[in-house]
Amino acid sequence: MTAVEATATVPKGDPGLLLQVEGVDKSFPGVKALEGMRFDLRHGEVLGLVGENGAGKSTLMKLLTGIYTKETGDFHLDGEPLTASTPKEAQEVGLSIIHQELNLVPHLTVAENIWLGREPVSGGFFTKPGEQVRRTRELLDRLGMHIDAKAVVSTLSVAQQQMVEIAKALSFESTKVLIMDEPTAALNDAEVAQLHELIRRFVTPQTGVVYISHRMAELKRIADRITVIRDGHYIDTMNMADVSIEDVIAKMVGRAINTGARPENVRSDRPIVLQVSGLSTRALLKDVSFELRRGEVLGFAGLMGAGRTEVARAVVGADPITAGDIVLNGNRVTISSPAQAAARGIGYLSEDRKGLGLMLGQPVSHNIVISSLSSQFSRVGFLRDGAIKEASESSKKLLNIKTPSVNQLVKYLSGGNQQKAIIARWLVKDCDILIFDEPTRGIDVGAKEEIYQLLNKLAEQGKSIIMISSELPEILRMSHRIVVMADGRVKGVLTAAEADQESIMRLATHRDDAITPEHTEEAEH
């Protein structure tokens with residue numbers, strides 16, 4: 001039988017649907033990722049796709065775009081069988097995907113990444129770098145993205161790299177279905193609004209968007225319908241206008257989630273464990289000062305480029321400081337590397353878990369114990385495998401890390417479970433101060449609640465936490481006090497009682513006159 005005859009035996013899908021998925025199964029060693037999966041995308045629609053980490057969302061999208069091969073089931077695009085076996089074939093027939101994990105070449109420029117494999121050529125052989133840059137600038141201008149086309153990707157922030165991924169996906173003129181897997185995880189509210197405007201311009205009667213996100217309020221604004229999957233199974237599809245966020249969350253996790261809790265105050269007699277005064281760096285920070293008390297969750301808020309991550313990197317010695325003092329438990333210290341910070345009891349979870357946080361080719365267990373490896377040796381210098389396994393299994397249970405075994409390579413875990421493995425690393429290290437930069441990025445609602453409860457428990461036990469987040473509801477939910485930054489400076493410090501989204505944004509956008517001076521003073525907890 002020829003390839004054409006084989007294709008002809010596949011029944012056609014519903015021509016009224018842009019994309020149709022029916023009866024799809026997929027397994028990995030020890031894991032049934034998808035079973036009988038189905039969903040459909042209508043013409044001119046934005047379909048929200050939600051589920052907890054490990055539910056199978058990313059796996060399903062990778063099957064659609066030829067990254068993985070399905071075991072059973074059918075895909076149809078505009079009523080015709082879809083049989084893309086490689087990402088390139090998927091792009092050629094009209095499917096473009098923006099992955100949750102960045103998929104750029106760090107040492108290439110923005111222009112080179114966007115047109116990789118599609119470079120403009122002269123005479124069929126020589127590339128035309130000037131033309132490539134020109135096209136990139138036109139694309140970025142059309143999308144309203146203020147990024148240098150000649151910038152090397154490794155020099156960009158995570159949020160800027162995410163915008164490059166979005167530009168690359170939208171550069172394919174043949175795209176019918178745009179699949180977006182957590183496209184706004186690294187974006188602030190203004191950038192999210194910009195992206196949503198791009199999506200609305202993209203969607204026509206001939207196109208559609210599959211939009212995967214854990215941000216429920218965001219889905220309410222952009223999605224027409226929403227499909228829920230859980231543990232690899234289809235659960236339900238609903239009109240977005242007819243359901244509440246609570247209804248969607250309950251279907252995702254199979255239980256009710258309390259999303260309205262706020263932190264209790266930290267007692268005023270708690271000692272100051274970390275005091276930063278006049279911290280400055282050559283690149284951005286200017287005279288940054290703040291205090292962290294024992295048992296406190298101190299939130300850092302601000303727009304992209306405000307300097308939140310730079311503060312964390314300066315405190316742990318990842319970036320050199322040009323001025324300022326760091327006082328740890330009453331003693332002035334000099335920290336020149338994250339290893340020194342860890343030795344002094346300060347753990348740092350980077351916002352870039354894939355590039356800076358994980359050893360992707362190593363097991364979950366090794367990723368968990370790496371920061372406390374010195375304590376895992378016997379007296380004669382051998383690694384104590386039993387102790388490593390015990391610590392890893394305990395962390396797996398505590399954080400509900402979904403993996404068939406702690407010996408599984410961490411690269412095979414979902415993004416949220418990878419994040420949990422990094423958090424487990426610093427819990428095993430037993431640091432007194434924990435700096436979490438975007439700790440719930442790419443993590444579903446149920447897993448977020450587990451991490452919130454864990455961080456609150458750690459604070460109750462006397463751990464001190466700095467939490468950097470681009471999600472204002474998360475900052476408000478978790479923080480006893482909130483440091484608001486803009487342009488490398490501290491614009492104000494708000495107590496939990498004072499803070500709301502409006503007051504934070506007024507400070508973050510330089511509207512300092514909207515906040516009276518007393519709001520920036522240290523308040524009693």
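The values are calculated or read from the model by the stated rules, or taken from the named source; none is laboratory data. If you're wondering where the values come from, they're calculated on a predicted model, not measured in any experiment. Neighbour counts are summed over all protein chains in view; Cβ atoms, including those assigned to glycine, are modelled from backbone coordinates with ideal geometry. Ligands, DNA and RNA are excluded from the accessible area calculation, which covers all protein heavy atoms including side chains. Shrake-Rupley method; radii C 1.70, N 1.55, O 1.52, S 1.80 Å.
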Item checked: Rounded Å value of the spacing that divides the Cα centres of segment 60-94 and segment 14-30 -> 9
Check: What FRET efficiency, computed as 1/(1 + (r/R0)^6) with R0 = 51 Å and r the Cβ-Cβ distance, is obtained for Lys150 and Glu390, rounded to the nearest 0.05?
Finding: 0.50
Notebook entry, point to check: Taking Lys150 as the anchor, which lysines have their alpha carbon closer than 21 Å to its alpha carbon, excluding any fewer than eight residues away along the same chain?
Noted result: Lys128, Lys168
Next item on the list: May I ask you to compute the full-extension gain from Asp189 to Ser289, defined as 0.36 nm times their residue separation minus their alpha-carbon distance, rounded to one decimal in nm?
Entry: 33.4 nm
Note to self: Between Ala343 and Gln275, how high is the FRET efficiency from 1/(1 + (r/R0)^6) when r is the Cβ-Cβ distance and R₀ = 22 Å? Nearest 0.05.
What the structure shows: 0.70
Next item on the list: Would you please put 203-215, 426-438 in order of how densely packed they are, using the mean number of other Cβ atoms within 10 angstrom per residue and starting with the highest?
Entry: 426-438, 203-215
Next item on the list: Report the calculated FRET efficiency for Thr334 and Leu116 (r = Cβ-Cβ distance, R0 = 41 Å), to the nearest 0.05.
Entry: 0.45
Notebook entry, point to check: Could you give me the ³J(HN,Hα) list for segment 501-506, computed from phi with Karplus coefficients 6.51, -1.76, 1.60 and θ = phi - 60°, whole Hz, x at Gly and Pro?
Noted result: 4, 5, 5, 5, 5, 4
Next item on the list: With label points built 7 Å along Cα→Cβ from the Cα atoms of Lys397 and Asp325, find their separation and express it in nm.
Entry: 4.6
Next item on the list: Considering only protein heavy atoms, with the full assembly of protein chains and a 1.4 angstrom probe, order Ser336, Ser479 by accessible area, largest first.
Entry: Ser336, Ser479
Check: At what distance in nm do the modelled label points of Ala497 and Glu92 sit from each other, each positioned 7 Å from its Cα along Cα→Cβ?
Finding: 6.7
Note to self: Need the list of lysines near Lys220 for cross-linking: C-alpha distance under 16 angstrom, and skip anything on the same chain fewer than eight residues off.
What the structure shows: Lys251
